[in-house]
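Q: Sharing a structure here in structure tokens format.
The values are calculated or read from the model by the stated rules, or taken from the named source; none is laboratory data. Quantities reported herein were computed from a predicted structural model and do not represent experimental measurements. As a convention, Cβ positions derive from the backbone with ideal geometry for all residues, glycine included, and neighbour counts pool all protein chains shown.
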Amino acid sequence: MAQSPGTAQSTVKPTLVLLPGLLNTRRLFEHQIEALSDIVDCVVPELWHHDSIAAMAKAAVDAAPPRFALAGFSMGGYVAFEIMRQAGARIDRLALLNTQANPDPPESTARRRGFIEQTRIGRFHGVQPSLLPQLLHPSHIANELITQPILEMAAEIGAEGFVREQEAIMGRPDSRPLLVDIAVPTVVIVGRQDASIPLRRAEEMAADIATSRLVVLEECGHMSPLERPAEVSSTLRAWLTDHP
């Protein structure tokens with residue numbers, strides 16, 4: 001029997017909150033937002049307005065519906081862990097891309113402090129081409145479809161946003177104790193040639209999260225959503241549609 005107009009029910013898609021990394025905007029996830037638009041509505045908070053991981057997490061949670069899937073890239077992964085602490089009961093699924101649960105070692109903190117000091121005296125120049133080998137697989141360094149978004153996102157966020165993000169990253173807690181308590185379906189994605197956060201960090205996280213699956217992307221550095229957009233999107237689709 002045909003359904004009367006008054007009884008028709010609209011289908012509301014679930015929400016995927018995508019958390020970008022240092023000097024990244026919504027543009028980082030353009031491919032994923034488009035590729036997954038048939039199954040989820042994507043929300044990308046502007047994290048660079050906040051100077052602590054806790055404040056970033058609260059802003060993301062405040063912009064999200066009561067329940068949602070959560071994916072964090074690099075710094076966004078640090079925020080994702082904080083969201084699990086603040087509002088873990090609201091998270092249906094977790095994706096961790098090119099990130100780590102470890103806190104900064106002292107040498108990394110010192111390097112970040114140096115970046116902040118240089119920025120405060122007017123020497124912020126965004127992401128320079130000389131830094132791209134730290135972010136990308138060698139085969140991608142000359143690909144402007146990958147490099148231009150990186151350079152332009154950094155310019156958009158600017159010096160003040162960069163300082164706030166660095167301060168937040170330096171102050172993040174150690175999230176390793178949290179890993180064994182994560183019980184939602186989780187995917188850990190990493191580029192095999194990630195020079196910023198090495199493969200072993202992803203392996204360690206996946207080993208400690210009982211509900212996780214590790215996906216290693218070949219010929220891929222740190223910027224997996226840009227370097228391997230189709231593979232990242234297909235991995236996220238499988239994660240979002242898997243029914244454990």
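Q: Might you let me know whether segment 164-176 holds any residue that is small (Gly, Ala, Ser), modelled with pLDDT under 95 and surrounded by 12 or more Cβ atoms within 10 Å (Cβ to Cβ)? Give the steps one after another, and end with the answer.
A: Just the residues of segment 164-176 that are small (Gly, Ala, Ser), to begin with: 168, 171, 175.
Those still in the list that are modelled with pLDDT under 95 too: 171.
From the residues that got through so far, the ones that are surrounded by 12 or more Cβ atoms within 10 Å (Cβ to Cβ) too are 171.
The answer is yes; a qualifying residue exists.
Q: Restricting segment 154-163 to residues that are closer than 22 Å to Glu82 by Cβ and among the hydrophobic types (A, V, I, L, M, F, W, C), which is surrounded by the most Cβ atoms within 10 Å (Cβ to Cβ)?
A: Out of the qualifying residues, it is Ile157.
Q: Kindly indicate whether Glu34 is in a helix (DSSP H, G or I), in contact (Cβ under 8 Å) with a residue 24 or more places away in the chain and of a type in the set (Asp, Glu). Break it down stepwise before answering.
A: Details: in a helix (DSSP H, G or I): yes; in contact (Cβ under 8 Å) with a residue 24 or more places away in the chain: no; of a type in the set (Asp, Glu): yes.
Here the answer is no, as Glu34 does not meet what is asked.
Q: Do you know which of the residues in segment 214-238 that are surrounded by fewer than 17 Cβ atoms within 10 Å (Cβ to Cβ) and not acidic (Asp, Glu) is nearest to Leu23 (Cα to Cα)?
A: Ala230
Q: Taking interchain pairs and intrachain pairs at least six residues apart, which have beta carbon atoms under 8 angstrom, with the first residue in segment 138-153 and in contact (Cβ under 8 Å) with a residue 40 or more places away in the chain and under 12 Å from Arg27 (Cα atoms) and the second crowded, with 17+ Cβ neighbours inside 10 Å and among the acidic types (Asp, Glu)?
A: From segment 138-153, the pairs are Ile146/Glu227.
Q: Answer yes or no: is there a residue in segment 46-60 that is assigned to a strand (DSSP E or B), surrounded by 15 or more Cβ atoms within 10 Å (Cβ to Cβ) and in contact (Cβ under 8 Å) with a residue 60 or more places away in the chain.
A: No, the conditions are met nowhere in segment 46-60.
Q: Now a separate question. Find all pairs meeting these conditions: Cβ atoms under 7 angstrom apart; at least six residues apart or on different chains; first residue within segment 155-175 and among the small types (Gly, Ala, Ser) and part of a helix (DSSP H, G or I); second residue at pLDDT 95 or above and surrounded by fewer than 20 Cβ atoms within 10 Å (Cβ to Cβ).
A: Close Cβ pairs satisfying both conditions: Ala168/Asp51; Ala168/Ser52.
Q: Take the conditions under 17 Å from the mean Cα position of the chain (by Cα), among the aliphatic types (A, V, I, L, M) and farther than 28 Å from Pro149 by Cα and apply them to Ala206. Does it pass?
A: Against the criterion (under 17 Å from the mean Cα position of the chain (by Cα), among the aliphatic types (A, V, I, L, M) and farther than 28 Å from Pro149 by Cα), Ala206 qualifies.
Q: Evaluate segment 1-19: report whether one residue or more is within 26 Å of Val127 (Cβ to Cβ), touching a Gly at 6+ places or on another chain (Cβ under 8 Å), outside any helix (DSSP H, G or I) and without any contact (Cβ under 8 Å) to a residue 60 or more places away in the chain.
A: There is at least one residue in segment 1-19 that is within 26 Å of Val127 (Cβ to Cβ), touching a Gly at 6+ places or on another chain (Cβ under 8 Å), outside any helix (DSSP H, G or I) and without any contact (Cβ under 8 Å) to a residue 60 or more places away in the chain.
Q: Here's something else I'd like to know. Just checking, does segment 212-225 include any residue being part of a helix (DSSP H, G or I), farther than 13 Å from Gln100 by Cα and in contact with a strand residue (DSSP E or B) (Cβ under 8 Å, 6 or more places away or on another chain)?
A: Here is the first cut: in segment 212-225, the residues part of a helix (DSSP H, G or I) are 224-225.
Keeping just the survivors that are farther than 13 Å from Gln100 by Cα gives 224-225.
Filter again for in contact with a strand residue (DSSP E or B) (Cβ under 8 Å, 6 or more places away or on another chain), leaving 224-225.
Yes, segment 212-225 has at least one match.
Q: If I filter segment 202-213 down to residues being touching a residue at least 24 places away in the same chain (Cβ under 8 Å) and surrounded by fewer than 19 Cβ atoms within 10 Å (Cβ to Cβ), which single residue comes out as nearest to Arg120 (Cα to Cα)? Steps first, answer last, please.
A: Just the residues of segment 202-213 that are touching a residue at least 24 places away in the same chain (Cβ under 8 Å), to begin with: 202, 204-205, 208-213.
Cutting the leftovers down to surrounded by fewer than 19 Cβ atoms within 10 Å (Cβ to Cβ) gives us 204, 208, 210-211, 213.
Details: Glu204: 36, Asp208: 39, Ala210: 43, Thr211: 43, Arg213: 41 Å.
The selected residue is Glu204.
Q: Considering only segment 110-137, state which residues are small (Gly, Ala, Ser) and touching a residue at least 40 places away in the same chain (Cβ under 8 Å). First the steps, then the outcome.
A: Initially, segment 110-137 is screened for residues small (Gly, Ala, Ser), giving 110, 114, 122, 126, 130.
Correct list: Gly126 only.
Q: Additional query: Which of the numbered conditions does Val79 fail, given that it passes all the others? Conditions: (1) within 16 Å of Leu22 (Cβ to Cβ); (2) β-branched (Val, Ile, Thr); (3) surrounded by fewer than 16 Cβ atoms within 10 Å (Cβ to Cβ).
A: (3)
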